[in-house]
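Dropping the structure in here first, questions after.
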Amino acid sequence: MPLLIAFIAGLVMSIGMSYSQMIEPSKVLAFLTLNKNWDPSLLLVMVSALLTYSIGYWLFVAKKKPIMADKFYLPQKRAIDKPLVIGAILFGAGWGLVGYCPGPALVAISSGSSGTLTFVAAMIAGWFISRQLPIKA
Amino acid sequence: MENFTPISALIGGSLIGLGALMLFIFSGRIAGISGIASNLLFSAQQRGWRLAFVVGLIVGPLAFGLIKPDFAFTTVELGWPVIIAGLLVGLGTGWGSGCTSGHGICGMSRLSPRSILSTILFMLVGIIVATLLH
């Protein structure tokens, strides 16, 4: 059952990214690029995703336990540290350069596009390097 | 704003939030895509649900194509920018422990200060880089 839940969760998020065109780098760049034909669509994607998740989260978090697991696995880190700040800046730079963040890039794998596959391979290399060479907090 | 698509943005965004919420309510897990995918590849534990989630992500456009037969999407051209951007996104989400889904949606909804700061920073830098380069 946890496998089915995880599969459907990924599928629903993926269909949402496909339908909203967030898997298209040009659509994302049309939001991030302010000086020509600005397209606010990404803002509405973020707002509606945030609203949906927030309402569910705050209604449900009082229940203390997930339906099919023994506890909620919430991130334990609290500190605003160097890895967080440097990471967010580098991520933003890569995102603004091409218009892919990790979700949409993985979702677009099935296109078979050599550009998308290369981006994903480089992203995986980046994940590997970040684990081998952690930044001191 | 001639390319503004508010309806599909609102419906698509709600589905993204709904999928992430489902994973949290049923399995107690945060739907941070960079964390799930990198742990699937580089951590030996808890691979089952992470693999199922990533398979769901990858088959999404194929399933959507069945519902909407005229569905087609554009991608990116192969070139140096794609390699550099991929590396930056991998390093950044690895060191910064999260991306648009984990920090931007799940973390901001929880009002996590780390996620709020991360989202402000990557949105701001993304806007600056895109506006200067494109």
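Which of the residues spanning segment A:42-60 are facing chain B (nearest Cβ under 7 Å), over 17 Å from the mean Cα position of the chain (by Cα) and either hydroxyl-bearing (Ser, Thr, Tyr) or over 30 Å from A:Leu32 (Cα atoms) (or both)?
A:Tyr57, A:Phe60
Of the residues B:Val59, B:Val89, only one is closer than 15 Å to A:Trp95 by Cα, at pLDDT 95 or above and either facing chain A (nearest Cβ under 7 Å) or out of contact with any Phe, Trp or Tyr (no Cβ under 7 Å at 6 or more places or on another chain) (or both); which?
Of B:Val59, B:Val89, the one residue that is closer than 15 Å to A:Trp95 by Cα, at pLDDT 95 or above and either facing chain A (nearest Cβ under 7 Å) or out of contact with any Phe, Trp or Tyr (no Cβ under 7 Å at 6 or more places or on another chain) (or both) is B:Val89.
If a residue must be polar (S, T, N, Q) and without any contact (Cβ under 8 Å) to a residue 24 or more places away in the chain, how many such residues does segment B:55-99 contain?
2
Report, ordered by the first and then the second residue, all pairs with beta carbons closer than 6 Å, sequence separation of six or more or different chains, a first member in segment A:123-135 that is within 7 Å of another protein chain (Cβ to nearest Cβ) and under 19 Å from A:Ile89 (Cβ atoms), and a second member that is assigned to a helix (DSSP H, G or I) and of a type in the set (Lys, Arg).
A:Ile135/A:Lys82
Residues to consider are B:Phe53, B:Phe73, B:Phe24; find the one that is aromatic (Phe, Trp, Tyr), modelled with pLDDT of 95 or more, under 19 Å from the mean Cα position of the chain (by Cα) and under 18 Å from A:Tyr100 (Cβ atoms).
Checking each option against the conditions leaves just B:Phe73.
Being more than 7 Å from chain A (Cβ to nearest Cβ) and part of a helix (DSSP H, G or I) narrows it down to one residue among B:Leu21, B:Leu66, B:Leu10; which is it?
Residue meeting the stated conditions: B:Leu66.
Residues B:Ile30, B:Ile58: which one is within 13 Å of the chain's Cα centre (by Cα) and surrounded by fewer than 20 Cβ atoms within 10 Å (Cβ to Cβ)?
Among B:Ile30, B:Ile58, only B:Ile58 is within 13 Å of the chain's Cα centre (by Cα) and surrounded by fewer than 20 Cβ atoms within 10 Å (Cβ to Cβ).
Return the only residue of A:Lys71, A:Lys63 being more than 7 Å from chain B (Cβ to nearest Cβ) and surrounded by fewer than 17 Cβ atoms within 10 Å (Cβ to Cβ).
Answer to the selection: A:Lys63.
Of everything in segment A:5-43 that's among the β-branched types (Val, Ile, Thr) and not in a helix (DSSP H, G or I), which residue is surrounded by the fewest Cβ atoms within 10 Å (Cβ to Cβ)?
A:Thr33
Also, I was wondering about something else. Sort out which residues of segment B:24-46 are more than 7 Å from chain A (Cβ to nearest Cβ) and under 20 Å from A:Val28 (Cα atoms), and write them in order of number.
Of everything in segment B:24-46, just one residue is more than 7 Å from chain A (Cβ to nearest Cβ) and under 20 Å from A:Val28 (Cα atoms), namely B:Gly32.
Name every residue in segment B:113-134 that is within 7 Å of chain A (Cβ to nearest Cβ), buried (at least 17 other Cβ atoms within 10 Å of the Cβ) and of a type in the set (Ser, Thr, Tyr), in order of residue number.
B:Ser118, the sole residue that qualifies.
The values are calculated or read from the model by the stated rules, or taken from the named source; none is laboratory data. These numbers were taken from a predicted model, which means no experiment stands behind them. Reconstructed Cβ throughout: ideal geometry from the backbone, glycine too, with neighbour counts over all protein chains shown.
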